[in-house]
Amino acid sequence: MLLLSWICYCLPLYVRDDCTVDLSFISTLASILTLGPEFAVIISMISYPLSVSTTFDGKERIHIFNTAPIKTLFNMGNCNIALMIGGVAYYMLGGTPGNITLPGVLPPAFFYIVLSIAANVVVILLYYLSSQETVLRTMVAPMFLGLLPSIALSSPIGYFLAMLLVMHNGAWLALLFMLPLLLARYSFKLYLDGQRQQYSIIRAFAAALDAKDTYTQGHSSRVAAYTAQIATEMGLPEQRIRRLYDAALFHDIGKIGVPDSILQKPSALTPEERAIIQRHPQTGVDILRNLDSYQDLLPFILHHHEFYDGRGYPDHTKGDELPLDTYILGAADAFDAITSDRPYRSGRSPQAAASILMAESGKQFHPRVVETISAMVARGALGPASSASAEEDTPC
């Protein structure tokens with residue numbers, strides 16, 4: 001069990017650059033069912049500090065000698081507190097190590113899983129409360145709720161591993177059983193690597209678009225940062241914020257198909273030129289349409305120029321016909337356009353931009369979104385400086 005636990009800790013998968021998952025839950029559940037919660041704690045305390053994994057980019061090794069001791073202690077403490085609390089429930093409901101007969105093992109095992117996850121969430125929430133990281137605190141519960149399906153589906157694997165371990169020569173069978181699991185991990189890693197490559201390619205397109213015009217350079221990144229800040233302020237769940245952040249990064253990718261003579265024209269556009277530039281949302285959708293990972297971004301990219309009163313383009317939708325997320329992206333786009341330099345004018349202050357948006361409340365912009373932007377600007381929480389900070393802090 002020490003060997004299996006150590007292998008699981010050494011082979012995490014990066015779902016994002018700030019979030020990893022591994023197979024340690026499977027080995028932990030098997031340890032509890034066969035040996036008991038106290039042995040699961042001992043196994044975790046020994047195997048975790050000895051683990052060696054890689055960074056997100058795979059260029060460096062991570063181990064206890066290059067990790068802050070307080071971080072290692074916190075992670076170990078958090079894990080073991082959760083295991084002990086879940087273990088109490090396991091024993092209180094009649095769980096007996098080594099007795100894994102069905103259906104008697106189901107209630108103690110179920111409540112062990114639920115309470116250990118809950119304890120994990122509480123510890124992390126207490127950490128964020130003590131460090132006053134209020135923005136990150138709103139991300140904890142959605143993160144763990146997102147892990148519940150994988151935990152529920154991996155529980156039978158942990159049970160099957162426990163069945164093998166209680167059999168004659170079960171240790172050898174368990175080692176053989178880990179081979180298809182490692183194959184599944186490798187396949188999922190290839191899938192995640194492919195997703196990240198797609199993301200990098202699309203970001204390269206967005207960067208190429210920004211490079212076409214010095215006046216709009218960095219526009220997509222700033223809009224993405226503003227969008228995430230506004231969405232967070234309005235209390236949107238973390239998953240929606242991340243999706244909206246990605247949509248904002250790629251919202252103008254369709255302008256690749258717009259001639260530079262139109263994009264950089266210092267004077268007013270003719271009706272024909274305006275018709276060409278108004279096709280860029282549909283062009284952006286066409287570019288991303290065949291990439292499965294970005295299907296949920298397409299509605300935001302298509303409608304980010306729609307007005308709340310229906311005067312926008314391309315479909316003249318209005319009001320509640322579009323989700324709040326779309327109006328957040330549209331307002332963030334306008335806010336950056338007003339505060340940035342253009343060939344025909346200098347950028348205005350965040351306060352002036354907020355006033356312009358407020359004047360269009362209920363017309364071009366969603367009233368709730370404009371009120372949020374105005375309040376953020378009033379306390380200095382939205383502007384070029386906050387955008388630069390948010391770009392550093394917002395994971396991709």
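Go through region 1-67 and name the trypsin sites (Lys or Arg not before Pro) that are in a DSSP coil and have 11 or fewer other Cβ atoms within 10 Å of their Cβ.
Details: sites: 16, 59, 61; in loops: 59.
Hits after loop and neighbour filter: 59.
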Report, in deg cm²/dmol and to the nearest 500, the calculated mean residue ellipticity at 222 nm for the chain, where each DSSP H run with n ≥ 4 adds -39500 (n - 2.57) and the sum is divided by the residue count. -21500 deg cm²/dmol
Calculate the length of the line joining the C-alpha centroid of region 308-380 to that of region 41-85, in whole Å. 45 Å
Here region 270-287 yields Karplus 3J(HN,Hα) values (6.51, -1.76, 1.60; θ = phi - 60°; whole Hz; Gly and Pro given as x) of 6, x, 5, 5, 5, 5, 5, 6, 6, 8, 5, x, 5, 4, x, 4, 5, 5
Calculated on alpha-carbon atoms, Rg and Dmax of region 30-78 in Å: 13.1, 38
Lysines with Cα under 16 Å of residue 363, excluding same-chain neighbours fewer than 8 positions away: 318
Starting at 0 and stepping by 10 Å, how many percent of the alpha carbon pairs of region 213-347 end up in each bin? 12, 42, 38, 8, 0
Taking amide H positions as placed 1.01 Å from N in the peptide plane, with prolines and chain starts having none, which residues 5 or more places from residue 360, or on another chain, fall under 5 Å of its amide H? none
Cleavage-rule hits, chymotrypsin sites (Phe, Trp or Tyr not before Pro), region 1-99, DSSP coil, Cβ neighbours within 10 Å at most 16: 56, 65
Name the residues whose placed amide hydrogens come within less than 5 Å of the amide hydrogen of residue 312, ignoring near sequence neighbours (fewer than 5 apart) on the same chain. 307
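Compute the Rg/Rh shape ratio of the chain: radius of gyration over Kirkwood radius, all on alpha-carbon atoms. Intermediate values should be presented prior to the final figure.
Working: Rg = 25.7 Å, Rh = 24.0 Å.
Looking at the chain, the ratio lands at 1.07.
Laboratory data are not the source of any read-out in this text; all were calculated from the coordinates shown. Keep in mind that this is a model prediction, so the values were computed, not measured. With ideal geometry, Cβ positions are generated from the backbone for all residues, glycine too; neighbour counts draw on all protein chains shown.
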